[in-house]
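In what follows, a structure is listed as structure tokens, so that the remarks can point back to it.
Derivation of every value follows stated rules applied to the coordinates shown; laboratory data play no part. Everything numeric in this text was worked out from a predicted model, so none of it was measured. FYI the Cβ positions are ideal-geometry reconstructions off the backbone, even for glycines, and counts take in every protein chain you see.
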Amino acid sequence: MSPIGAPSAILWDWDNTLVDGWAAIQAGLNAAFRAHGLPEWDRATVLRNVRRALRESFPELFGATHWEAARDIFYAEVRGCHLDVLRPLAGSAEAIDAAAALAPQAVVSNKQGPLLRAEAAHLGWDRHFAALVGAGDARRDKPDTAPLLLALDACGVAAGPSVWYVGDTALDMQAARAAGCTAVLLGDAHHDGGLGNAAPDHAFAGGHALAAHLRSLAKRHRTVNL
């Protein structure tokens, strides 16, 4: 992969990119599965299957007549525990801080908007982001371009190759490319078919590696502008 230059804006995915909130998602799914007599999922199955927004995936999982009841069970369970089990991923706070020296930032997630914003506020990270766009906030959810364009509008930056969208799945890379942005993978996408399936424009092993690269870009930018 060729070197990646300084971004004009950085959009972040949330779950499994900046934070680990999977325990709450797993608890919510399994509460809904139990209520509908369906087998429960272990963590690996959740990581492998949770990609799209609930309003797209639940009708397939629970059927057209039951998905809204399952949704209500899911959200009740998640709201009761998500802040207690939320954990920042290694290097994520460092990467956010490093990015702040370079460009405006926003989050685009398929987590429900109010849950996303509550989690960012709980971590004290909301101050870093021009927008926290979750599922239901735009007319369509990822991989549609609508939520990315909504976030970029809040940043005051037009979509284009200088905008990074940083995520952990092939769906995130698809969303980035659909919006004309640079697709940046965090991690190796082992839970989503690996690097070959994700096909990112650029990849970093984790938050610490990304933070180091962002700091080097910021240092280079300061030198150029002296």
- Suppose every K and R has +1 on its Cβ and every D and E has -1 on its Cβ; what is the size of the dipole of the chain about the Cα centre, in Debye to the nearest 20? 480 debye
- Item | Alpha carbon centroid spacing (whole Å) that separates segment 84-162 from segment 1-37 | 11 Å
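Going by how many other Cβ atoms sit within 10 Å of their own, how do Trp14, Trp164 line up, fewest first? The partial results should precede the final answer.
Working: Trp14 23, Trp164 28.
Final ranking by Cβ density, sparse to dense: Trp14, Trp164.
One-quarter of the Cα convex hull surface for the chain, in nm²?
Numbers: hull surface 47.7 nm².
Mean shadow area of the hull around the Cα atoms is 11.9 nm².
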- Item | Extension gain from Arg220 to Asp42, taking 0.36 nm per residue of separation minus the Cα-Cα distance | 59.6 nm
- Query: Toward the positive end of the charge dipole of the chain, about the Cα centre and with charges on Cβ (Lys, Arg +1; Asp, Glu -1), which of Tyr165, Val19, Pro39 goes farthest?
  - Reply: Tyr165
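Using a Förster radius of 22 Å, what is the FRET efficiency between Asp97 and Ser162 based on their Cβ-Cβ separation? Nearest 0.05, please.
On the way: r = 21 Å, r/R0 = 0.94.
Here the calculated transfer efficiency is 0.60.
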- Message: Can you compute 3J(HN,Hα) from phi for each residue in segment 144-150, using the Karplus curve 6.51 cos²θ - 1.76 cosθ + 1.60 with θ = phi - 60°, rounded to whole Hz and x for Gly and Pro?
- Response: 4, 6, 3, x, 5, 5, 5
- Query: Mind listing which trypsin sites (Lys or Arg not before Pro) in segment 106-186 are in a DSSP loop and have 15 or fewer other Cβ atoms within 10 Å?
  - Reply: Arg139, Arg140
- Output ³J(HN,Hα) for segment 41-50: one whole-Hz value per residue in order, computed from phi by the Karplus curve 6.51 cos²θ - 1.76 cosθ + 1.60 with θ = phi - 60°, and x for Gly and Pro. 10, 7, 4, 4, 5, 4, 4, 6, 10, 8
- Query: Amide H of Val107: which non-local residues (sequence gap of 5 or more, or other chain) have their own amide H closer than 5 Å, using H built in the peptide plane?
  - Reply: Trp12, Ala131, Leu132, Val133
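First measure r as the distance between the Cβ atoms of Leu83 and Asp153, then evaluate 1/(1 + (r/R0)^6) with R0 = 41 Å and state the FRET efficiency to the nearest 0.05. Walk me through the intermediate numbers first.
Values: r = 28 Å, r/R0 = 0.69.
The computed FRET efficiency comes out at 0.90.
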- Item | Estimated FRET transfer efficiency when R0 is 45 angstrom, pair Ala121-Thr65 (beta carbons, to 0.05) | 0.80
